Amino acid sequence: MLTGKCNCGSVEYNADTDVSDVFVCHCSICRSLTGSGGIAVVIVKNTDFRWLKGQDSITYWSKPEHDWHANFCKVCGSSLPGKNDEHQMYIPVGTLTSGHENLKVAHNLYVASKASWQIIGDSGIQHPEGYGSKNA
Ligand SMILES: [Zn+2]
Ligand SMILES: [Zn+2]
């Protein structure tokens, strides 16, 4: 079971799952979202995910003419889980408060556009762009 919350505690969630693969996206949009080297997420089934409180404190931003979007807390700005596709949610793993002990970075995405200062030190597979992209 994964449980998590935003910094101010307005929003809490859990997910009844045993996923362990973490995906780190290094694209420029995710870097601006977090103000850091990117965002680390796990992907869980919609049916395994549950908001525990504070859904009315969630807002989101969609990049115009792009499929990128992110949920965040209206009060404190923390990144929050959101829709990955029709069947799955993504959970930003930095917001987890328990259940994260077995997580491991499995994939680094958009490595071709990572921050110049960032050195990727984990054992995750490095994809130059999206999942499954190949080096030219
Ligand atoms: Zn908050
Ligand atoms: Zn990204």
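Every number here is computed from the coordinates shown, using simple stated rules; none is lab data. Predicted model only: the values in this text are computed from it and were never measured. Here the Cβ is made from the backbone with ideal geometry for all residues, glycine too, and neighbour counts use every protein chain on show.
A compact table of results
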| item | result |
| --- | --- |
| Footprinting exposure proxy for Met1, Met89 (fewest neighbouring C-beta atoms within 10 Å first) | Met1, Met89 |
| Burial order of peptide ranges 29-42, 109-122 (average beta-carbon count within 10 Å, highest first) | 29-42, 109-122 |
| Förster radius 41 Å - calculated FRET efficiency between Thr59 and Ser20, Cβ distance, rounded to 0.05 | 0.85 |
| Order of Leu2, Leu52, Leu96, Leu103 - criterion: other Cβ atoms within 10 Å of each residue's Cβ, fewest first | Leu52, Leu103, Leu96, Leu2 |
| Cβ crowding within 10 Å averaged over residues, with 75-87, 59-71 ranked highest first | 75-87, 59-71 |
| Projected label distance in nm at Asp48 and Trp117, using a 7 Å step from Cα toward the beta-carbon | 3.5 nm |
| Reachable lysines from Lys104, criterion Cα separation under 24 angstrom, eight or more residues apart if same chain | Lys5, Lys45, Lys83, Lys114, Lys134 |
| Kirkwood Rh (inverse of mean 1/r, distinct Cα pairs), the range 2-120, angstrom | 14.6 Å |
| The range 56-66 - phi-based ³J(HN,Hα) in whole Hz, Karplus 6.51/-1.76/1.60, Gly and Pro as x | 6, 9, 9, 10, 8, 9, 10, 6, x, 6, 8 |
| Helix-only mean residue ellipticity at 222 nm for the chain, each DSSP H run of n ≥ 4 adding -39500 (n - 2.57), per residue, nearest 500 | -1500 deg cm²/dmol |
| Packing-based exposure ordering (other Cβ within 10 Å, fewest first) of Lys53, Lys134 | Lys134, Lys53 |
